[in-house]
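Here the structure comes first, spelled out in structure tokens, and everything after it is commentary.
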Amino acid sequence: MSTNTEHVKCLIIGSGPAGYTAAIYAARADLKPVMYQGLQPGGQLTITTEVENFPGYPEGAMGPEMMEDFKKQAERFGTDVRWGYATKVDFKGPVHKVIIDEEKEIAADAVIIATGASAKWLGLESEKRLNGFGVSACAVCDGYFFRNQTVAIVGAGDTAAEEATYLAKLCTKVYMIVRKGEMRASKAMQHRVMNTKNIEVLFNTETAEVLGDKTVSGVKVRNNKTGEEKILDVTGFFVAIGHQPNTEIFKGWIDMDETGYIKTIPGTSKTNIAGVFAAGDAQDKIYRQAVTAAGTGCMAALDAERYLAEAGIH
């Protein structure tokens, strides 16, 4: 071990709803958790404007403020919340080594991975500029704000199809922008989209630009067969081209599915390595909600507490 090694009982990597909930439980169990917040402290909720579906916030809350509340609660019980992100891990021995910012080594008896996932974006300047102001990567989170309005969604897989039908229940019209001449979604989901009257699918179409000054006022699209451009008169633009779990550094150590989501033993937060647990969107590609992330954060802390007790680590 390098001389710059710090030994901790419980290390939490990541700081969204999963990480903070794990910290609250771990701190109350006297595991003295140390948390590194990662590149996006607070996680995906910090780029969400209003959160209305988290229990206990009857008036809703702004995503960043909600994460600040979670952080304060974790710190109140003694969580050591730090800046920095994990750049490398070594899970060979019973003590798990994690390198922070490529220089500091932490040796942890238990590790909770709560690194989350990041939405994939198209990479347009206008999409980035209007993110949170009509541009969203979560229809279930933000669709409600576009009731009785016209919106567009880009994507061709099951998630895009599911989100398009969800939006169709709330919005007067939904344009679905599909790059190819067909959808990737399962046949059942394609039928559902095609049988929804207020969804119009635009095949062979790409997004050229999201229009709007302070909020979305339209989307310029281009037919990639004919080159013809047109403007869709919409107030909301949803991107549903997938998520990428932030799990790169754990490859080769932790079992994952083909897209990089961590595999946990069903009904637990346990990974294939004893003493390493995973919570939140890093291991959940199905629900991806703040409340489910918080639930798995609780599970991870309880699993870690039992693991440490059984290992006789005090």
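Looking at this structure, is residue 176 in contact with a helix residue (DSSP H, G or I) (Cβ under 8 Å, 6 or more places away or on another chain), more than 19 Å from residue 133 (Cβ to Cβ), in contact (Cβ under 8 Å) with a residue 24 or more places away in the chain and part of a strand (DSSP E or B)? Let's see the steps before the verdict.
On the way: in contact with a helix residue (DSSP H, G or I) (Cβ under 8 Å, 6 or more places away or on another chain): yes; more than 19 Å from residue 133 (Cβ to Cβ): yes; in contact (Cβ under 8 Å) with a residue 24 or more places away in the chain: yes; part of a strand (DSSP E or B): yes.
Answer is yes for this residue.
Among all positions in the range 158-177, there is at least one residue which is farther than 15 Å from residue 237 by Cβ and surrounded by fewer than 16 Cβ atoms within 10 Å (Cβ to Cβ). Residue count for the range 104-158 satisfying the condition of being assigned by TED's automatic domain parsing to the domain that holds residue 209, of a type in the set (Asp, Glu) and either in contact with a helix residue (DSSP H, G or I) (Cβ under 6 Å, 6 or more places away or on another chain) or closer than 30 Å to residue 307 by Cβ (or both): 1.
When residues of the range 282-304 are filtered for being at pLDDT 95 or above and either part of a loop (DSSP other than H, G, I, E, B) or more than 19 Å from residue 55 (Cα to Cα) (or both), how many remain? Working first, answer last.
To start, the set of residues in the range 282-304 that are at pLDDT 95 or above comprises 282-284, 291-304.
So of that shortlist, the ones also either part of a loop (DSSP other than H, G, I, E, B) or more than 19 Å from residue 55 (Cα to Cα) (or both) come out as 282-284, 300-304.
Counting residues in the range 282-304 that are at pLDDT 95 or above and either part of a loop (DSSP other than H, G, I, E, B) or more than 19 Å from residue 55 (Cα to Cα) (or both) gives 8.
Residue-level check: of (1) small (Gly, Ala, Ser); (2) surrounded by fewer than 19 Cβ atoms within 10 Å (Cβ to Cβ); (3) within 16 Å of residue 299 (Cα to Cα), residue 14 misses just (2). On inspection, residue 270 does not qualify as loosely packed, with under 15 Cβ neighbours inside 10 Å, free of Cβ contacts under 8 Å to residues at least 60 places away in the same chain, more than 21 Å from residue 159 (Cα to Cα) and under 20 Å from the mean Cα position of the chain (by Cα).
Answer with yes or no whether residue 230 is surrounded by 16 or more Cβ atoms within 10 Å (Cβ to Cβ) and farther than 21 Å from residue 120 by Cα.
no
Any residue in the range 200-221 that is among the charged types (D, E, K, R) and crowded, with 18+ Cβ neighbours inside 10 Å? Scanning the range 200-221, I find no residue that is among the charged types (D, E, K, R) and crowded, with 18+ Cβ neighbours inside 10 Å, so the answer is no. Among the residues of the range 1-29, just one is assigned to a strand (DSSP E or B) and modelled with pLDDT under 95, namely 5. Considering (1) touching a strand residue (DSSP E or B) at 6+ places or on another chain (Cβ under 9 Å); (2) touching a residue at least 40 places away in the same chain (Cβ under 8 Å); (3) under 25 Å from residue 54 (Cβ atoms), the lone condition that residue 165 does not fulfil carries the number (2). Residues in the range 204-245 that are assigned to a strand (DSSP E or B), touching a residue at least 40 places away in the same chain (Cβ under 8 Å) and not aliphatic (A, V, I, L, M): 207, 209, 236, 237, 238, 243, 244, 245. Scan the range 138-153 for residues that are surrounded by fewer than 24 Cβ atoms within 10 Å (Cβ to Cβ) and either of a type in the set (A, V, I, L, M) or over 18 Å from residue 44 (Cβ atoms) (or both) and the total you get is 6.
Would you mind stating whether residue 64 is surrounded by fewer than 18 Cβ atoms within 10 Å (Cβ to Cβ), outside any loop (DSSP other than H, G, I, E, B) and assigned by TED's automatic domain parsing to the domain that holds residue 281? Yes, satisfied. Listed by position, the strands (runs of 3 or more DSSP E) inside the range 78-164 whose residues that are over 30 Å from residue 216 (Cβ atoms), modelled with pLDDT of 95 or more and more than 20 Å from the chain's Cα centre (by Cα) number at least 1 are 80-82, 86-90, 96-100, 104-113.
The values are calculated or read from the model by the stated rules, or taken from the named source; none is laboratory data. Everything numeric in this text was worked out from a predicted model, so none of it was measured. A quick note on method: Cβ atoms are made from the backbone with ideal geometry, for glycine too, and the neighbour counts reach across all protein chains shown.
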